[in-house]
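Engineer: Dumping the structure here so I can ask a few things about it.
The values are calculated or read from the model by the stated rules, or taken from the named source; none is laboratory data. Everything numeric here is computed off the predicted structure, so don't read it as measured data. Cβ sites come from the backbone with ideal geometry, for glycine too, and all protein chains shown count toward neighbours.
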Ligand SMILES: Nc1ncnc2c1ncn2[C@@H]1O[C@H](COP(=O)(O)OP(=O)(O)OP(=O)(O)O)[C@@H](O)[C@H]1O
Ligand SMILES: [Mg+2]
């Protein structure tokens, strides 16, 4: 269409839009240009600050704790007197036990809740909408609040489990559960509805269609969410301090009884001591934990890449 | 599992043209809005009935109400009398899951399961616990969908590796594997090239010997080529309420609809003078 054939009214609109575009992209307005430069610099600055902070922490940990990296760090028991040979053994074992418990709890609960909300709940019902909203809010609640909850209801109160690793597991599971539910719901939403329809059009029940078609298709996405939640759980110290992991443990923990510790809690213990040798030990512990988190996150990234599906 | 009132459903009909469905004053709502109003027409056994009409006139809505796929849409509601072999499809004693087994559906966009070709066809019979050798059921369904020769050597391959036309025939195979009585097709060829379209039309002509077929199509030639009966729908807008509702304009032999329709709106639509 040539411009001369365009009606007058459209022409003026086109001119106006062209002018607006030029104002945005052209160099004609110096004020706009300066504003855009300022804005970009501000973005760059905030990113740099974040990056420097991360690099700072990592390099501090490497410089400070690098010398202590050894197998003994992982396998030796902690000690209050000989920081040179002290290690993280019970804390690492405690962390693994807690994480195993967390995984065992969040997979059925998180996936089940997500399936219910996405596939079975009637969104027109007010209580289902209330549940949805509350799960989103719960994901933003500070972890210390979950610690208090765990102390009141799991360690003491109705469950009365005592200060054991299982109680720590349950507390951390509650903490990451909202995240797992939200991530699993996203994974289910990403499965095209045509899959469910196609299955149900064959005369299978909704439950069969969800279980055999939707769930397997959503599984990789759910797994990614679960692993990222686990990565977060590894680093959680605050709620564990409240539910019993504060004690200085020098024996291998038992999931169901006795004192326990966890990697971040132990780091916190060592870092709080006056002697410099313990600070070195704490820095080395930070490196161990960073390594663990990087491994777990890499698994998540790898899974996502492997199962990424285009519909 | 309820038996869907088998005697009632399979009631013998003396006439040569057995009515499979009979719709009488059917209204379908989505929430509060009336999507199609007062639809009445029969669908006969071993015939192809096509539903045609402009976009939004409620063809898919009517099709999906025939096998209660509409139940999956929150707020969708069907009123009026919709009978299948004399039994009310929306009766309180009817199990919608069972309805969908007897009345299968093929969708506009081929939607194979993200599994192997074999598993795609085997899923229905297996999940429903149908008797018989699964390999035989799968082969029979693929033969029935005119796909066996093309895929018999690669049954273990993922279905996504097939062409669009093959995928659609796989979806037909998957549907006939559960041995339905009726096959509903919602624009089954709109995503396909002419050769694949031709193959599916050819297949439909064969399938109607064993099944009753209802097809929604935007392709006039397709309706004219394959359908025995044709129902033409249009949108009637009510300016006072600002609502748009689908209505059935005319139902008749396909030849009559295309050569000598009773209603001017049908005439305009089939000759392309619509709009
Ligand atoms: N899930 C839904 N929720 C609400 N309204 C719907 C839904 N599906 C369809 N409608 C409405 O119902 C009316 C009929 O839609 P339908 O999909 O049956 O039309 P159609 O004839 O199949 O159109 P097309 O040829 O474009 O497929 C339309 O006004 C549409 O907006
Ligand atoms: Mg449609």
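Engineer: Could you say whether any residue in region A:78-94 is away from chain B (no Cβ under 14 Å) and under 26 Å from residue A:192 (Cα atoms)?
Structural biologist: Scanning region A:78-94, I find no residue that is away from chain B (no Cβ under 14 Å) and under 26 Å from residue A:192 (Cα atoms), so the answer is no.
Engineer: Sticking with this one: When you scan region A:187-221, how many residues do you find that are part of a helix (DSSP H, G or I) and either at pLDDT below 90 or within 13 Å of chain B (Cβ to nearest Cβ) (or both)?
Structural biologist: Counting residues in region A:187-221 that are part of a helix (DSSP H, G or I) and either at pLDDT below 90 or within 13 Å of chain B (Cβ to nearest Cβ) (or both) gives 24.
Engineer: Of everything in region B:42-80, what is over 15 Å from residue B:107 (Cα atoms), within 15 Å of the chain's Cα centre (by Cα) and away from ligand 1 (no atom under 11 Å from the Cβ)? Give them in sequence order.
Structural biologist: Hits for region B:42-80 are B:42, B:43, B:44, B:45, B:46, B:47, B:48, B:49.
Engineer: Also, I was wondering about something else. Of all residues in region B:62-84, count the ones that are without any contact (Cβ under 8 Å) to a residue 60 or more places away in the chain, away from ligand 2 (no atom under 16 Å from the Cβ) and assigned to a strand (DSSP E or B).
Structural biologist: 5
Engineer: Quick one: in region B:30-61, which of the residues that are surrounded by fewer than 18 Cβ atoms within 10 Å (Cβ to Cβ) and within 14 Å of chain A (Cβ to nearest Cβ) is farthest from ligand 2 (Cβ to nearest atom)?
Structural biologist: B:32
Engineer: Further, regarding this structure: Only one of these is away from ligand 1 (no atom under 16 Å from the Cβ) and closer than 27 Å to residue A:200 by Cα: B:197, B:217. Name it.
Structural biologist: B:197 is the lone residue from the list that is away from ligand 1 (no atom under 16 Å from the Cβ) and closer than 27 Å to residue A:200 by Cα.
Engineer: Across region B:85-107, what is the number of residues that are in a loop (DSSP other than H, G, I, E, B) and within 9 Å of chain A (Cβ to nearest Cβ)?
Structural biologist: 1
Engineer: With more than 16 Å from ligand 1 (Cβ to nearest atom), surrounded by fewer than 21 Cβ atoms within 10 Å (Cβ to Cβ) and under 23 Å from residue B:47 (Cβ atoms) as the only criterion, which of B:153, B:181, B:157 stands out?
Structural biologist: Every option except B:181 fails the conditions.
Engineer: Same structure again: With A:291, A:285 as the choices, which residue is out of contact with any helix residue (DSSP H, G or I) (no Cβ under 8 Å at 6 or more places or on another chain) and either away from chain B (no Cβ under 14 Å) or not in a helix (DSSP H, G or I) (or both)?
Structural biologist: The match here is A:291.
Engineer: Return the residue satisfying two criteria in turn: it lies in region A:51-93 and is closer than 19 Å to residue A:253 by Cβ and assigned to a loop (DSSP other than H, G, I, E, B), and of such residues it is modelled with the highest pLDDT.
Structural biologist: A:88
Engineer: All but one of (1) in contact with a helix residue (DSSP H, G or I) (Cβ under 8 Å, 6 or more places away or on another chain); (2) over 22 Å from residue B:60 (Cβ atoms) hold for residue B:242; which doesn't?
Structural biologist: It fails just one condition, (1).
Engineer: Also, I was wondering about something else. Just the residues that are more than 15 Å from residue B:182 (Cα to Cα) and out of contact with any helix residue (DSSP H, G or I) (no Cβ under 7 Å at 6 or more places or on another chain), please, taken from region B:198-227.
Structural biologist: Scanning region B:198-227 gives B:198, B:202, B:218, B:219, B:221.
Engineer: I would also like to ask the following. Output yes when any residue across region B:124-131 is more than 10 Å from chain A (Cβ to nearest Cβ), surrounded by fewer than 18 Cβ atoms within 10 Å (Cβ to Cβ) and either at pLDDT 95 or above or within 22 Å of residue B:29 (Cβ to Cβ) (or both), and no when none is.
Structural biologist: Scanning region B:124-131 turns up no residue that is more than 10 Å from chain A (Cβ to nearest Cβ), surrounded by fewer than 18 Cβ atoms within 10 Å (Cβ to Cβ) and either at pLDDT 95 or above or within 22 Å of residue B:29 (Cβ to Cβ) (or both).
Engineer: Does at least one position in region B:177-189 carry a residue that is in a helix (DSSP H, G or I) and either within 16 Å of ligand 2 (Cβ to nearest atom) or within 14 Å of chain A (Cβ to nearest Cβ) (or both)?
Structural biologist: yes
Engineer: Something else about it: Looking only at residues that are at pLDDT below 95 and surrounded by fewer than 22 Cβ atoms within 10 Å (Cβ to Cβ) in region B:62-77, which one is nearest to residue B:26 (Cα to Cα)?
Structural biologist: B:77
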